[in-house]
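Notes to accompany the following structure.
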Amino acid sequence: MTVRVRIAPSPTGNLHIGTARTAVFNWLFARRQGGQFILRIEDTDVERSRPEFTQNILDGLQWLGLDWDEGPFFQSQRAELYRQTVQTLLDKGLAYPCYCTAEELQQMREAQKARKQAPRYDNRHRNLTDEQRTEFAAQGRKPVIRFIIDDEREIVWDDQIRGRLSWQGRDLGGDMVIARRGEGDADFGVPLYNLAVVADDMDMGITHVIRGEDHIANTAKQILLYEALGAAVPIFAHSPLILNQKGQKLSKRDGATSVKEFAEMGFWPAAIANYMSLLGWTPPDATQEIFTLDEAAQQFDLGRVNKAGARFDWAKLDWLNGQYLRALPTEELLDQLLPYWQAAGYELDAAGDRPGYCK
Ligand code: GLU
């Protein structure tokens, strides 16, 4: 089996270091296994996705040295595949149109809250008769498409980082929406995240899904979709979140969260890539702290990724960056420093103001 992994960022912001670290793990795994690393841009959220963010993501991955073997693929160009996948589930009777209005869903949630129950869809349109459907359609209601989730089902998988994980069907919020309401004559509208991810991962032959632990609940839903579509379920590995020194999720307040900001602060790309690989992974020789991505790839193993959140340590990153800067040849260091000096207002003439510097 050839290993095929992917990084699937949404271009709703600049390349986040959490995504970059996930990309590093995927890249290391692909290189170690002699597999392929695929780049997919998940730009189905038309309102929040922007081309400049896509560019920033591509630039950031390249800056870090994470070359991809296939892609970038864009979800916005793959609507037909998702439409067919939704249709397959409808044809198999594993999905159905739900005609509930936003107000009805709101009332349902309020009633559940009043009964001190967790809000969930109560599957009320799962077994409508053809007459009832025709009647709702005649009222001008447009349905969403829901995928049937069996409350009694226990979903279990062997996570390559976290060990055996399980999730109860009844904790997934009821039958899940896989496509929005259609416009005009369309039977249904834009497919939603979990459906598109599964359709793509199947189509791209992804063997291992390595991503952040914030996706664990999605994984339970996605496994049900793979099964419903009669596809092999990939192997999953959920990496720990990146935390600040207080143990909270890293945020803007902690200084920087995008790769671009680190670059602008003057960090050396190889130092950032090195530090990213240490954020959660421990090499077999735990005393080894300085290595290139290629060196890390020779030893990378998901079994050595920690389950606990990885604390971001600025002092360590500064130290590591210093090691890289000191190892640079003087001319290269000068070339790197020039833009920062210029940005700080020093007027440096390329040749004359650089004593001892000759090319
Ligand atoms: N687009 C998702 C995100 O940016 C990633 C989805 C996945 O890796 O399955 O969080």
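The values are calculated or read from the model by the stated rules, or taken from the named source; none is laboratory data. Because the structure is predicted, anything quoted here is derived from the model rather than measured. A quick note on method: Cβ atoms are made from the backbone with ideal geometry, for glycine too, and the neighbour counts reach across all protein chains shown. We work out accessible area using only protein heavy atoms, side chains counted, and drop any ligands, DNA or RNA first. Shrake-Rupley method; radii C 1.70, N 1.55, O 1.52, S 1.80 Å.
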Problem - Number of positions in region 66-85 that are open to solvent by less than 50 Å² (accessible area, probe 1.4 Å) and more than 22 Å from the chain's Cα centre (by Cα) - result: 0
Fill in the blank from the handout: Ala232 vs (1) within 16 Å of the ligand (Cβ to nearest atom); (2) closer than 30 Å to Ala199 by Cα: all pass except (1)
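In the set Pro234, Pro240, which member is open to solvent by less than 20 Å² (accessible area, probe 1.4 Å), within 22 Å of Phe37 (Cβ to Cβ) and touching a Gly at 6+ places or on another chain (Cβ under 8 Å)?
On the way: Pro234 fails: touching a Gly at 6+ places or on another chain (Cβ under 8 Å).
None of the other options fit; the residue is Pro240.
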Practice task
Being under 25 Å from the mean Cα position of the chain (by Cα) and charged (D, E, K, R) is the filter; apply it to region 173-198 and report the residue that is farthest from Asp122 (Cα to Cα).
Solution key: Arg180
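Looking only at residues in region 30-53 that are among the aliphatic types (A, V, I, L, M) and buried (at least 18 other Cβ atoms within 10 Å of the Cβ), which one is nearest to the ligand (Cβ to nearest atom)? First the steps, then the outcome.
If we filter region 30-53 for residues that are among the aliphatic types (A, V, I, L, M), which is where we start, we get 30, 38-39, 41, 46.
Filter again for buried (at least 18 other Cβ atoms within 10 Å of the Cβ), leaving 30, 38-39, 41.
Numbers: Ala30: 14, Ile38: 11, Leu39: 12, Ile41: 9 Å.
Only one residue tops the list, namely Ile41.
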Exercise for the section: Could you list, in sequence order, all residues of region 143-169 that are assigned to a loop (DSSP other than H, G, I, E, B) and loosely packed, with under 13 Cβ neighbours inside 10 Å? Expected result: Asp150, Glu152
Exercise for the section: Would you check if there is a residue in region 206-213 being touching a strand residue (DSSP E or B) at 6+ places or on another chain (Cβ under 9 Å) and closer than 23 Å to Asp150 by Cα? Expected result: no
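For a quick check of your reading: which helices (runs of 4 or more DSSP H) sit entirely within region 204-307 and have at least 2 residues that are touching a Phe, Trp or Tyr at 6+ places or on another chain (Cβ under 6 Å)?
On the way: elements: 216-228, 259-264, 269-278, 293-297.
Ranges flagged: 216-228, 269-278.
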Exercise for the section: Of the conditions (1) in contact with a strand residue (DSSP E or B) (Cβ under 6 Å, 6 or more places away or on another chain); (2) at pLDDT below 95; (3) within 16 Å of the ligand (Cβ to nearest atom), Phe188 clears all except one; give me its number. Expected result: (3)
Exercise for the section: Would you mention how many residues in region 54-65 are open to solvent by less than 80 Å² (accessible area, probe 1.4 Å) and over 16 Å from Phe262 (Cα atoms)? Expected result: 1
Handout entry: Members of region 302-314 that are over 14 Å from Met276 (Cα atoms) and either modelled with pLDDT under 95 or open to solvent by less than 30 Å² (accessible area, probe 1.4 Å) (or both)
Key = Leu302, Lys307, Ala308
Fill in the blank from the handout: Condition set near the ligand (Cβ under 8 Å from one of its atoms) and in contact with a Pro (Cβ under 9 Å, 6 or more places away or on another chain), scope region 1-29, selection most open to solvent (accessible area, probe 1.4 Å): answer is Thr19
Handout entry: Residues of region 262-287 classified as of a type in the set (Val, Ile, Thr) and surrounded by 20 or more Cβ atoms within 10 Å (Cβ to Cβ), total
Key = 1
Fill in the blank from the handout: Condition set aliphatic (A, V, I, L, M) and touching a residue at least 60 places away in the same chain (Cβ under 8 Å), scope region 173-188, selection surrounded by the fewest Cβ atoms within 10 Å (Cβ to Cβ): answer is Val177
